[in-house]
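The values are calculated or read from the model by the stated rules, or taken from the named source; none is laboratory data. Remember, predicted model here, so these are calculated numbers, not experimental data. Backbone-built Cβ (ideal geometry, glycine too); neighbour counts: all protein chains shown. These area figures cover heavy atoms from the full protein model, side chains too; ligands, DNA and RNA do not enter into them. Shrake-Rupley method; radii C 1.70, N 1.55, O 1.52, S 1.80 Å.
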Amino acid sequence: MNKKRVGIVGVGNVGATLAFTLATKNICSSILLKDVRENIVQAMALDISQATNAAKSETIIHACLSDEEFKDCDVIVITAGIARRPGMSRDDLLLTNAKIMNSVINSVIPFNPNAIIIIVSNPLDVMVYTALKTSNWSRNKIIGMAGILDSARMAHFIFEKLGYGQGQIKASVMGGHGDDMVPLADFSTVNGVNLNEVLSKEDIEDIIYKTKNGGAQIVKLLETGSAYYAPAYSTILMIEAILEDKKEIYPCAIMLNGEYGYENIVSGVPVMLGANGVEKVVELELKEEQKNQFSKSIASVQELINILKEKK
């Protein structure tokens with residue numbers, strides 16, 4: 001087992017599911033849980049710890065009731081923030097969750113100077129931007145989880161359309177985690193065969209529409225919450241890549257520094273994840289239409305950042 005420590009801030013549905021799944025996989029020595037609701041964090045720690053014993057996992061679960069206890073983490077996942085409700089866009093979450101993100105970052109970085117931070121809170125791209133500006137850390141150490149989730153949703157809708165290929169579908173999505181994300185049919189395959197070879201243009205357009213609305217569909221059905229199994233597992237893939245220095249390429253939200261022609265803006269792009277967090281940004285050769293879609297996605301994130309700056 002990897003002798004690493006993972007911290008999770010926010011043990012709602014995503015955080016708790018993440019902690020439980022990670023603990024039973026037995027890939028880190030300790031998981032530290034932190035939440036403003038002390039009774040909840042203690043309950044989750046007890047419940048998950050008992051699950052690890054049933055699974056014969058060596059991972060130890062800690063409920064942290066102070067900032068000082070939440071320390072020496074190799075990876076920190078932040079899921080804290082209010083959840084999206086039916087009829088609420090990710091944009092509506094902006095101001096409240098930005099304040100929460102500022103508070104969380106200021107509380108964890110003094111005791112975890114060597115951590116890689118994965119942001120899951122929405123609106124995702126702006127929360128990564130907020131965390132970077134608040135911490136003043138380098139961009140490789142603060143990453144957003146969105147592209148893996150959006151790609152998984154796209155893969156599901158491809159399977160739903162085809163009726164075959166489960167486990168053989170590789171979908172690719174970049175851009176912001178929202179209505180203006182950019183699903184890339186050209187870079188998506190079924191058992192190595194390009195998506196354009198097995199589906200019509202109309203079918204692909206329908207898949208893209210469903211992918212963009214995949215999260216909202218779950219919110220509408222649940223009525224009182226949002227998705228958590230797929231976000232949690234997508235985050236675990238990132239944690240594994242970092243803890244085990246896998247050099248895996250995943251779409252993640254990162255501050256762009258000239259890549260794709262953009263500066264000082266966060267968006268989802270393919271990156272190589274390893275022990276140092278983001279170790280490389282992969283630049284795809286996009287078609288003109290995809291470049292235009294990506295530009296629109298960037299503009300949507302910039303609009304939210306401008307709102308944050310105006311409200312300060």
When DSSP beta bridges are limited to those with both residues in the chain, what percentage is antiparallel, rounded to the nearest 5? 50 percent
Share of the chain's accessible area from carbon and sulfur, percent, 1.4 Å? 48 percent
Please tell me which of these pairs span more than 21 angstrom C-alpha to C-alpha: K141/K212; K161/K212; K141/K287? K141/K212; K141/K287
Given [x] 24.4, 85; [y] 22.0, 70; [z] 18.8, 56 as possible values of Rg and Dmax of the Cα atoms in Å, the one from the coordinates is [z]
Hey, if you put +1 on the Cβ of every Lys and Arg and -1 on every Asp and Glu Cβ in the chain, which of M181, A45, W137 ends up farthest toward the positive end of that dipole? A45
Per-peptide average of other Cβ atoms within 10 Å, ordering 282-294, 262-274, 128-140, 210-222 highest first: 262-274, 128-140, 210-222, 282-294
If packing is taken as the mean number of other Cβ atoms within 10 Å per residue, what is the order of 194-201, 111-118, 235-242, highest first? 235-242, 111-118, 194-201
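Can you give the extra length, in nm with one decimal, that the chain gains between I249 and K99 once fully stretched, where that is 0.36 nm per residue apart less the Cα-Cα distance? All intermediate terms of the calculation are to be shown ahead of the outcome.
On the way: separation 150, 0.36 × 150 = 54.00 nm, distance 3.12 nm.
Full extension of this stretch gives 50.9 nm more.
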Area of S300 that stays accessible when all protein chains are in place (1.4 Å probe, Å², to 10): 40 Å²
Estimated Rh, the stretch 133-211: Kirkwood, alpha-carbon pairs, angstrom: 13.4 Å
From the residues L149, V9, V266, which one has its Cα farthest along the dipole of the chain in the positive direction, the dipole being from +1 and -1 charges on Cβ of Lys/Arg and Asp/Glu about the Cα centre? V9
Using each residue's phi in the stretch 249-254, evaluate 6.51 cos²θ - 1.76 cosθ + 1.60 at θ = phi - 60° and report the 3J(HN,Hα) Karplus result to the nearest Hz, with x for Gly and Pro. 9, 9, x, 9, 7, 9
Coordinate range along principal axes, alpha carbons of the stretch 18-70, Å, largest first: 28, 18, 15
So if we plug the beta-carbon distance of K287 and S138 into 1/(1 + (r/R0)^6) with R0 = 25 Å, what FRET efficiency do we get, rounded to 0.05? 0.20
For the chain, return all DSSP H helices satisfying: extent of Cα atoms along own axis at least 15 Å; mean Kyte-Doolittle hydropathy at least 0.0. 13-25, 38-54, 94-108, 124-135, 147-162, 229-243
Filter the cross-link list K3/K56; K133/K296; K34/K246 down to pairs whose alpha-carbon distance in this structure exceeds 18 Å. K133/K296; K34/K246
Given +1 on the Cβ of Lys and Arg, -1 on the Cβ of Asp and Glu, and no further charges, what dipole in debye does the stretch 233-312 carry about its Cα centre, rounded to the nearest 20? 320 debye
Within 10 Å of each candidate Cβ there may be at most 11 other Cβ atoms; applying that plus a DSSP loop requirement, which trypsin sites (Lys or Arg not before Pro) in the stretch 12-73 survive? K56
Run the numbers on the stretch 127-254 and let me know its relative contact order in percent, using alpha-carbon pairs under 8 Å that are six or more apart. 32 percent
Might you report the magnitude of the Cβ-based charge dipole of the stretch 99-236 about its Cα centre, with Lys and Arg at +1 and Asp and Glu at -1, to the nearest 20 debye? 600 debye
Roll a 1.4 Å probe over the protein chains and send me the accessible area per residue for the chain in Å². 46 Å²
